[in-house]
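Throughout, read-outs are computed from the coordinates displayed, never taken from laboratory work. Bear in mind the structure is a predicted one, so any value in this text is a computation, not a measurement. Because the Cβ atoms are built from the backbone with ideal geometry, glycine has one as well, and the counts that use them run over all protein chains shown.
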Amino acid sequence: MSDSFYYFFSATPQVLSGLLAIFGAIVIFKVQNIKSELIGFAKSIQDELMEYLQTPNLLEDHTNFKITTELKKAIEKNDIIDLKVILDKLRFVFYDFATHCNRFLTVFEFYENLKSKTIKWSITTASIIIFCLSIIPLGELILKNEHFLTWIFLVVIVCLVICFIQFIIILKSAMKDTISALFPDHYE
């Protein structure tokens, strides 16, 4: 029993660490991809907006000029958080751009949700790793109490199953094609 105890509580962190590394790499790649898609989409909104504002007297309006300047700066800085704030304002100033802005905001929300879920479940996984590693030095005490040992095994296994399920859900979500949400006309 003692060999299986040490094997389980040392192999579990190794498996979780490998899973976390692969998972992190995939999600980081997707997050960077979404960010570049959002910036590209914001550039297309900026181009359309500048064309729209060529209408006499529209660009001369101080509010319009300020929004276009803020939009340009945010794009140059690759700052999607600023872009979100600007496009959120833009959709109420120029109703013709509300659909575009809403598409951006929907994908931005997906981006933020993907990041927050990834962080949450990465922390949960790291906690399980730390728990398993901290149990090993207490092996002699735990092995003497079979009920407690069984309980710890069950808790760790349930936590592992939940983490695996959540990772699969997040990866499935990360595989969604966000560019078709931004440019639906090109994907019909």
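Work out the FRET efficiency for Gln32 and Ser10 from their Cβ-Cβ distance, taking R0 = 41 Å, and round it to the nearest 0.05. All intermediate terms of the calculation are to be shown ahead of the outcome.
On the way: r = 34 Å, r/R0 = 0.82.
Plugging the Cβ-Cβ distance into 1/(1 + (r/R0)^6) gives 0.75.
Quick check for me: using +1 on Lys/Arg Cβ and -1 on Asp/Glu Cβ, what's the dipole size of the chain about its Cα centre, in debye to the nearest 20? Don't skip to the answer; put the middle values down first.
Values: 17 positive and 20 negative charges, 97 e Å.
It comes to approximately 460 debye.
State which helices in the chain qualify, where a helix is a whole DSSP H run, it must extend 15 Å or more along its own axis by its Cα atoms, and its mean Kyte-Doolittle hydropathy must be at least 1.0. Each step should come with its number before you reach the end.
Details: long enough: 2-52 (74 Å, 0.57); 62-77 (22 Å, -0.88); 80-93 (19 Å, 1.20); 98-135 (55 Å, 0.53); 146-174 (41 Å, 2.24).
Qualifying helices, which must be both long enough and hydrophobic enough, are 80-93, 146-174.
If you take the charge dipole of segment 2-183 about its Cα centre, with +1 on Lys and Arg Cβ and -1 on Asp and Glu Cβ, which of Leu53, Ile169, Thr68 is farthest toward its positive end?
The residue sitting most towards the positive pole is Ile169.
So for segment 2-183, taking the charge dipole from beta-carbon charges (+1 Lys/Arg, -1 Asp/Glu), which of Ile28, Phe108, Phe97 sits furthest toward the positive end?
Working it through, the farthest residue towards the positive pole turns out to be Ile28.
FRET efficiency for Ser116 and Ser180, Cβ-Cβ distance as r, R0 = 30 Å, nearest 0.05? Can you show the working numbers first?
Numbers: r = 23 Å, r/R0 = 0.76.
Result of the calculation: an efficiency of 0.85.
List the pair-distance distribution P(r) of segment 1-150, using every Cα-Cα distance, as the percent of pairs falling in each 10 Å bin from 0 up to the bin containing the longest distance, rounded to whole percents.
Bins of 10 Å from zero give 10, 28, 18, 13, 11, 10, 6, 2, 0 percent of pairs.
Springs between alpha-carbon pairs under 10 angstrom, Gaussian network model over the chain: which of Ala174, Ala21, Ala42 fluctuates most?
Checking each option, the largest mean-square fluctuation is seen for Ala21.
Over the chain, calculate the relative contact order: mean separation of alpha carbon pairs under 8 Å at least 6 apart, over the residue count, as a percent. Each step should come with its number before you reach the end.
Details: 122 pairs, mean separation 64.1, N = 188.
So the answer I get is 34 percent.
Select from Glu146, Glu70, Glu37 the residue whose mean-square fluctuation is largest in a Gaussian network model of the chain (Cα-Cα springs shorter than 10 Å).
Of Glu146, Glu70, Glu37, the Gaussian network model singles out Glu146 as fluctuating most.
Here is the link list: Lys72/Lys176; Lys120/Lys176; Lys35/Lys73; Lys35/Lys89; Lys30/Lys89. Which ones come out longer than 22 Å on Cα distance?
Numbers: Lys72/Lys176 28 Å; Lys120/Lys176 20 Å; Lys35/Lys73 16 Å; Lys35/Lys89 20 Å; Lys30/Lys89 27 Å.
Listed pairs above 22 Å: Lys72/Lys176; Lys30/Lys89.
Residues of segment 2-43 with amide nitrogen under 20 Å from the 7 Å Cα-to-Cβ point of Asp96?
41-43
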